[in-house]
Amino acid sequence: MRGGLGITIPEQLAETHPAAVRLLTMQYRMNERLMRFSSEWFYGGRLEAAPEVLGRSLAEELDEPMTWINVTADDEDDGGRGNEAFVGATFGRINKKEAAATVAALKAYTEKVGRHRLAEERVSFGIISPYRAQVQYLRSLVKSDEYLRPLRRQITINTVDAFQGSERDVIILSLVRSNAGGEIGFLSDLRRTNVAITRARFKLIILGDADTLCRHKFYKRLYEYCAK
């Protein structure tokens, strides 16, 4: 960053030669309701969903395509200061309560749609977290869960960066941060969050502590959008 490498070559080109830049406004991955928040926040509402994906859904009659599960800090957890813990500079933060809620959300959705149907249709799942410690812990939880065994090959668990350029039918995002100070670390890099929330074709489930995250206007707006 100090050496100027925080600005990419495409960003430099876009600034010096704006006429050479063209926004690709038609997307072919998400249904319109999944796409709308990102379109409005990042692209001035200019994105459009292609007709063939406009209303795509696995279970439209059962629920909304985009939901936020609020994983609050219990009073007894760490004196009520939050659920996250720091596990070292290499792996960052972990939130075991939210990890358990993430697996529970996956199982609840599986029950709702039908495990046999999901296995038969090879529906793909992506579980994403910005922190490697959370990713590793989630992997251990899923691996040890007998109920999820028939779907295990259809579930990918990784960091936001590892999911760049890929997509899954269902995405579950664990945001991890939960503290009294409202500190969100590199979740403030909204471009990375945008990658995470635009990987899903049919369904996006976000898990996060709204008391911590909604002090930032982006996450407050995202929370309110999901609530609507």
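The values are calculated or read from the model by the stated rules, or taken from the named source; none is laboratory data. What you see is a predicted model; the values in this text were computed from it and never measured. Backbone-built Cβ (ideal geometry, glycine too); neighbour counts: all protein chains shown. Each accessible area value is taken on the protein alone, full model and side chains, heavy atoms only, with ligands, DNA and RNA left out. Shrake-Rupley method; radii C 1.70, N 1.55, O 1.52, S 1.80 Å.
Please verify whether THR102 is of a type in the set (Val, Ile, Thr), surrounded by 21 or more Cβ atoms within 10 Å (Cβ to Cβ) and at negative phi, treating the condition exactly as stated. Yes: the conditions hold for THR102.
Assessment of region 207-215 against the conditions (part of a loop (DSSP other than H, G, I, E, B) and open to solvent by 50 Å² or more (accessible area, probe 1.4 Å)) yields at least one matching residue.
Let's see how each residue does on (1) surrounded by fewer than 19 Cβ atoms within 10 Å (Cβ to Cβ); (2) modelled with pLDDT under 95; (3) among the β-branched types (Val, Ile, Thr); (4) more than 18 Å from ILE206 (Cα to Cα):
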residue	(1), (2), (3), (4)
GLU98	no, no, no, no
LEU106	no, no, no, no
GLU121	yes, yes, no, yes
SER140	yes, no, no, yes
ASP145	yes, no, no, yes
ASN158	yes, no, no, no
GLY165	yes, yes, no, yes
